[in-house]
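Student: So that we are looking at the same thing, I have put the structure below in structure tokens.
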Amino acid sequence: MNTFRVGLLLAALTALFMTVGFLLGGEGGMIMALGVAVAMNFFAYWNADTMVLRMYGARQVDRATAPEFYRLVEQLAHRAGMPVPKVYLIETDQPNAFATGRNPENAAVAATTGILRILSRDELAGVMAHELAHIKNRDTLVMTITATIAGAIGMLANFALFFGGRRDSPLGIVGVLAVAILAPLTATLVQLAISRTREYGADAGGAEICGDPMALASALGKLESGARRIDNNVAESNPATAHLFIVNPLHAHAADSLFSTHPNTANRIAKLQQMAGQGPMPPSGRGSVPSSGRVA
């Protein structure tokens with residue numbers, strides 16, 4: 001259902017781009033805006049992982065430097081049938097985590113030091129399984145395509161505002177200005193709706209990978225509480241990266257509002273509780289990740 005909904009939203013965003021492009025810039029303007037947006041997001045697609053990890057001062061770890069945490073991610077990746085991503089730690093007290101990378105073969109997961117201190121091993125397994133689900137579902141690719149189309153609509157709007165759009169537009173100058181203002185807003189709302197939908201999909205996929213939806217539900221409750229109490233100064237300075245994290249790292253947000261990058265945490269927990277009520281979740285008949293207390 002989530003995949004179907006994302007498909008509909010992407011189709012709606014594409015249709016919006018085609019319509020706005022023709023009304024504001026004609027065929028030539030539409031192609032030019034799409035070309036620039038594709039070029040910008042192509043660069044981001046290949047380099048965003050390195051850029052965001054450097055931005056947060058993430059340090060790569062392995063079996064020698066963080067043996068328990070690395071082995072946990074390694075075990076989960078094997079259970080998911082995917083390559084083991086690079087593993088990073090971020091020195092901040094706010095409990096959070098994110099995944100990045102253009103595909104499963106070139107991916108990374110990052111967790112804050114704060115999350116290692118407050119979660120049990122089962123809860124941490126749920127969180128990292130969620131991040132692996134993002135990678136397995138190629139959510140980075142979906143969001144790159146979304147950003148490309150939304151960015152192209154924004155460029156067309158700027159073109160119309162600065163140059164007046166098509167002189168022969170059936171909308172007239174007032175209509176052109178109205179579309180130029182409203183179209184980027186609509187594109188942003190669709191983009192955020194896709195981001196929220198992918199979080200639900202990663203919750204479901206993470207529950208299947210770790211085999212324990214209630215562990216992920218418990219972790220989400222702790223992370224939401226921690227993120228509200230503890231600042232993440234880098235995220236506050238770079239709010240465009242907020243959608244990467246498993247819970248919103250910013251304090252000034254309204255969960256499940258039109259402009260939220262994340263679904264309401266209570267709604268996510270409720271869905272996981274429903275999944276747990278449907279019976280055991282282990283993939284391929286295997287049990288949940290063995291617990292051994294907190295991961296240091």
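Student: Residues 37, 64, 11: which one is under 22 Å from the mean Cα position of the chain (by Cα) and either at pLDDT 75 or above or under 17 Å from residue 138 (Cβ atoms) (or both)?
Tutor: Values: 37 fails: either at pLDDT 75 or above or under 17 Å from residue 138 (Cβ atoms) (or both); 64 fails: under 22 Å from the mean Cα position of the chain (by Cα).
Among 37, 64, 11, only 11 is under 22 Å from the mean Cα position of the chain (by Cα) and either at pLDDT 75 or above or under 17 Å from residue 138 (Cβ atoms) (or both).
Student: If you take the residues in the range 216-250 that are among the acidic types (Asp, Glu) and free of Cβ contacts under 8 Å to residues at least 60 places away in the same chain, which one is farthest from residue 201 (Cα to Cα)?
Tutor: Only one residue tops the list, namely 236.
Student: For the subset of the range 75-108 comprising residues that are surrounded by fewer than 20 Cβ atoms within 10 Å (Cβ to Cβ) and of a type in the set (Lys, Arg), which member is farthest from the chain's Cα centre (by Cα)?
Tutor: Step by step, filter the range 75-108, then rank; the result is 86.
Student: Also, quick follow-up: Give the residue that is surrounded by the fewest Cβ atoms within 10 Å (Cβ to Cβ), with candidates limited to residues of the range 113-124 that are touching a residue at least 60 places away in the same chain (Cβ under 8 Å) and within 20 Å of residue 58 (Cβ to Cβ).
Tutor: Within the range 113-124, the match that is surrounded by the fewest Cβ atoms within 10 Å (Cβ to Cβ) is 117.
Student: Residue 77 versus (1) closer than 30 Å to residue 187 by Cα; (2) modelled with pLDDT of 95 or more; (3) hydrophobic (A, V, I, L, M, F, W, C): which is the lone unmet condition?
Tutor: (1)
Student: Of all residues in the range 125-135, which are closer than 21 Å to residue 192 by Cα and either among the β-branched types (Val, Ile, Thr) or surrounded by fewer than 20 Cβ atoms within 10 Å (Cβ to Cβ) (or both)?
Tutor: 135
The values are calculated or read from the model by the stated rules, or taken from the named source; none is laboratory data. Only a predicted model underlies this, so the values are computations on that prediction, with no experimental measurement involved. Quick reminder, even Gly has a Cβ in these numbers, built from the backbone with ideal geometry, and neighbours come from all protein chains shown.
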